[in-house]
Each structure stands twice: as structure tokens, then as C-alpha cells.
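*Asks:* Sharing a structure, written as C-alpha cells. Questions coming.
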Amino acid sequence: MRAALCYELSRRRLAPPEPETVVYGEYQAWRVRSLSGSWHAFSDADVAGKDVLDFGCGDGALSFHLAQSRHPRSVLGLDLYPEAVRRATEALCAKSLPAQTRVEFMLGSVDGIPLPDGSIDTIVALDCLEHVMSPLRIFREWHRILRPGGKCLIEWFPYKGPWGPHMESLIPIPWAHVIFGQEALFRAAERIYDLPQFVPRHWDLDATGARKPNKWRAWSSFKEQGYINELDLRGFRSLVHEAGLRIERMEKHSFGGAPLRRSLGRMLMSIPVVGEYFLSFALIELRKSPAARAARA
């Protein structure tokens, strides 16, 4: 019954998609605007003259933005998807970047980060932490590859927020994962995907432009899907501490839009226990202790 209700409500709320979700070229342009806009929340001083790791680099939009305008010594883009690394490397060949900045892209691994200990000054991880399926392992790897005093700069969209599952193209209902549960959510998405009026997004299309087979039939939970890690604030704080990193800044954001809407979001976000459900995204800075320098000396 929950799946049927989720399906009916979602079907009625389906809206024409944004161009960037349908046309890959439009998506790339939007991604550049989005990530460069997100960077304004952080300090250029954390990358200028430094060795930077763009963790979860995708097609390299943030790597190129930093290399072109923020004067790092080097930028290494790391991603798990070979196709993304291939596209980023091809785009690099066509870019005109400052000669003093070294830029390269590398295929990552779920087992660890293929970099030496203490080789990175700053890690940037924008819009990707929610997709890291073994966050403690990665936090430990971040600690390992950072130089003493090094930082991690994060933009994170937690699971409990209104659009935490990243499924709004199929299920345009905020908090659907909380209201209906995961099994109902996946069954409704399975039915929506096959509707004639559902417009496939560019990630739903194969190399020929045809709609891919319905992947939602294979899953009943986010754990099976392997795309969303369900990490919440309490879990984040605990894992970061266990990995040896310190939270220096956590800036929470709720609803966007009009001032009254933003004020309401901030008020709801401050309520104990339930406030996290109104947290849309967080800007976070982690640091590795500078004392590690003396310990290694």
C-alpha cells in the first residue's frame, strides 16, 4: 500500500525535467556553475600554492576551476568511474591552464587512495560524500595522505534531509524515504521509470541514446543499490573522530528561496532530534592535527 501511494503521488507530481538533467552538454555547463558557486563558501588560501586532491572529481569541473583561478601548485582529480576519468583527461588536453599548476586525473579504488602518506595539503570533496559507501575507510585514508595540518573541505547532502536519496527525478516528494520507507520508494521508482511520460535523464541513456533497462527492479534498499550511504550527523561526527580528524567548521543549511522560507528552515533545523530532517546540506572543514609533524620527525 505504501508503494502504491508513493507511486500515485509521484506520478501526479512529475514535472518536465531541467535541461541539464537530459542533455549531457547542458549538465556539464550546469556542473561547472554549480561547483564554482559552491567553492565560494571556502577560502582560496586553502588551495593557493598547495597540492590539492579533488576527491570524486567526476569529469573534472572543479579541478579545472581551481587550476584556472585559485593558483594551486597541483591538482589531482580522483574518481571511481573510468568513463569520468577518461572524459576529464580528454578535456585536460583541450584546456589552457597555468603552466605552474600541474593537473592530472587518476582512477581510484574502493580499497583505498593510491597516494603516498603525507602527500596532499588539501582535499576537496564537494557533492560526493553521500556516495562514499565505506566512509570510515575513506576518512582514515584522508588522514593518511594529508600532511600535518592539512584540511578536508566538504559539501555534504546528508541522508535524512528532504532530498537525501537523490531520487527526485522519479520521486518528487520531499522526505519520501522517511514517509514511505526504502522498499516502497524503490518499487514506486520502478513503476515510474517505465511510464511513457517519464523523460529519461542523460544517466538513464546508453551510448546510442536509448533508454537503459529498468535498474530499479534489482534493488529494494540503498545498501543494495550502493549509491547512497545513509550517513547522518551523529555517524559523521563519530567516524571523523575515529579517523583522527578534527571538525573545524560545520555550517548547516536548510531551505533555500525567500527569506521567510530560509528563516523557517533554520528554526526547524535547530529542533533537537528532528532538526536533522530539515538539513539540506552542510559545509564542513576537517583538519589533521599539526602535531603529527612532530610525531613523524
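Throughout, read-outs are computed from the coordinates displayed, never taken from laboratory work. What you are looking at is a predicted structure, and each value in this text was computed from that prediction instead of being measured. Cβ: placed from backbone, ideal geometry, glycine included. Neighbour counts: every protein chain shown.
*Asks:* Mind checking the dipole of region 165-206: about its Cα centre, +1 per Lys or Arg Cβ, -1 per Asp or Glu Cβ, Debye to the nearest 20?
*Replies:* Taking the Cα centre of region 165-206 as origin, the dipole is about 120 debye.
*Asks:* Would you kindly state how much longer the chain becomes between E18 and A48 on full extension, computed as 0.36 nm times their sequence separation minus their alpha carbon distance, in nm to one decimal? Let's see the in-between values first.
*Replies:* Numbers: separation 30, 0.36 × 30 = 10.80 nm, distance 3.47 nm.
Full-extension gain reported as 7.3 nm.
*Asks:* Another question, if that's okay. Roughly how big is region 1-131's charge dipole about its Cα centre, with Cβ charges of +1 (Lys, Arg) and -1 (Asp, Glu), in debye to the nearest 20? Show your work: numbers first, answer last.
*Replies:* Numbers: 13 positive and 18 negative charges, 86 e Å.
Using Cβ point charges on Lys, Arg, Asp and Glu, region 1-131 gives about 420 debye.
*Asks:* Within straight cross-link reach of K50, meaning Cα distance under 22 Å, which lysines are found once same-chain residues fewer than 8 apart are removed?
*Replies:* Output for K50: K95, K151, K288.
*Asks:* Considering the options Y7, S134, A210, tell which one lies farthest towards the positive end of the dipole of the chain, charges being +1 on Lys and Arg and -1 on Asp and Glu at the Cβ, about the Cα centre.
*Replies:* S134
*Asks:* GNM, the chain, Cα, under 10 Å: largest mean-square fluctuation among T89, T122, T208?
*Replies:* T208
*Asks:* Taking the Cα of A4, stepping 7 Å toward and past its beta carbon, and measuring to each backbone N in region 143-180: which are under 18 Å?
*Replies:* Counting only backbone N, you get 180.
*Asks:* Loop-only check: which chymotrypsin sites (Phe, Trp or Tyr not before Pro) in region 25-129 are DSSP coil with at most 13 other Cβ within 10 angstrom? Working shown, then result.
*Replies:* Values: sites: Y27, W30, W39, F42, F55, F64, F105; in loops: F42.
Passing sites in region 25-129 do not exist.
*Asks:* What fraction, in whole percent, of alpha-carbon pairs in the chain exceed 35 Å separation? Don't jump to the answer; show the numbers that get you there.
*Replies:* Values: 9656 of 43956 pairs.
Of the Cα pairs, 22 percent sit more than 35 Å apart.
*Asks:* Check cross-link reach from K160 to the lysines: straight Cα distance under 20 Å, and skip same-chain residues fewer than eight apart.
*Replies:* Counting by Cα, and skipping residues close in sequence, K160 has these lysines nearby: K223, K252.
*Asks:* What are the DSSP H helices in the chain that stretch 18 Å or more along their long axis, judged by alpha-carbon atoms, and whose average Kyte-Doolittle hydropathy comes to at least -0.5?
*Replies:* On the way: long enough: 24-39 (22 Å, -0.86); 82-94 (19 Å, -0.05).
Going by DSSP H runs, the hits are 82-94.
*Asks:* Something else: Please build a GNM for the chain, connecting alpha carbons under 10 Å apart, and tell me which residue among S221, S263, S119 fluctuates the most.
*Replies:* Evaluated over the chain, the most mobile residue of the options is S263.
*Asks:* Nearest 20 debye, what's the magnitude of the dipole of region 206-272 about its Cα centre given +1 on Lys and Arg Cβ and -1 on Asp and Glu Cβ? Write out the running numbers ahead of the final one.
*Replies:* Working: 13 positive and 7 negative charges, 53 e Å.
In debye, rounded to 20, region 206-272 gives about 260.
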